[in-house]
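The next block holds one structure in the form of structure tokens; read it before the comments.
The values are calculated or read from the model by the stated rules, or taken from the named source; none is laboratory data. Because the structure is a prediction, the values reported are computed rather than measured. Cβ coordinates were reconstructed from backbone atoms using ideal geometry, including for glycine residues, and neighbour counts include every protein chain displayed.
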Amino acid sequence: MKPRRWLPQPLLSLCLLLVWMLLVNGLSLGNWLLGAFLGWVIPLITQVFWVAPPRIYKPAKLCVFFLRVLGDIVTANLQVAKLILGSPKKLRPTFVEIPMLLEDELALTMLASVISLTPGTVSADLSDDRKVLLVHGLDVADPVAMIAEIKRRYEAPLLEIFTCSPT
């Protein structure tokens, strides 16, 4: 059994303190102390429920990744609107199986979420061995190209962010 750390989730503690200060809308010493206490005790009590905390090896690349995803969401919204307003008979909906290189649970969850957040695609299932992600695309002209694009735009950056590799 691992020894308990006195501050198991420092970033979470800081976020809880900031959220508390925003909620109470006051800067008194008592509010700061109560916020700091809650920021300390909540992660301490809940640490038994936390799976091994994810290790982010390249936080700057994570920020760039989020900006890319936001841009892709806007672009995909426009593309889907064009498809929907056009002829629905021209749509080519398809299920595509994407082989996964990601092994980290958080990275897999992020990938599935990004795919589902991007209009026109939905993560439908992850195989039991976590090696294949089933994705439904609203209009897929070339399934191989769709797989390559998802792997290049989303999986490769997540691999870089969550995998320790010398660069």
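Computed values, structure above
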read-out	value
Any chance LEU17 is outside any helix (DSSP H, G or I) and free of Cβ contacts under 8 Å to residues at least 40 places away in the same chain	no
Failed item in (1) assigned to a loop (DSSP other than H, G, I, E, B); (2) in the same structural domain as ASP104 (by TED's automatic domain parsing), with PRO54 passing the rest	(2)
Only one of LEU33, LEU27 that is assigned to a loop (DSSP other than H, G, I, E, B), out of contact with any Gly (no Cβ under 7 Å at 6 or more places or on another chain) and not assigned by TED's automatic domain parsing to the domain that holds VAL144	LEU27
Subset of the range 117-148 (residues that are free of Cβ contacts under 8 Å to residues at least 12 places away in the same chain and of a type outside the set (Val, Ile, Thr))	ASP125, SER127, ASP128, ASP129, ASP142, ALA145, ALA148
Residue among VAL74, VAL69, VAL114 that is in the same structural domain as ALA148 (by TED's automatic domain parsing), free of Cβ contacts under 8 Å to residues at least 24 places away in the same chain, among the hydrophobic types (A, V, I, L, M, F, W, C) and closer than 24 Å to ASP142 by Cβ	VAL74
Subset of the range 33-77 that is among the small types (Gly, Ala, Ser) and over 22 Å from GLU103 (Cα atoms) - its residue that is surrounded by the fewest Cβ atoms within 10 Å (Cβ to Cβ)	GLY71
VAL41 vs. criteria under 24 Å from VAL19 (Cβ atoms) and at pLDDT 90 or above	yes
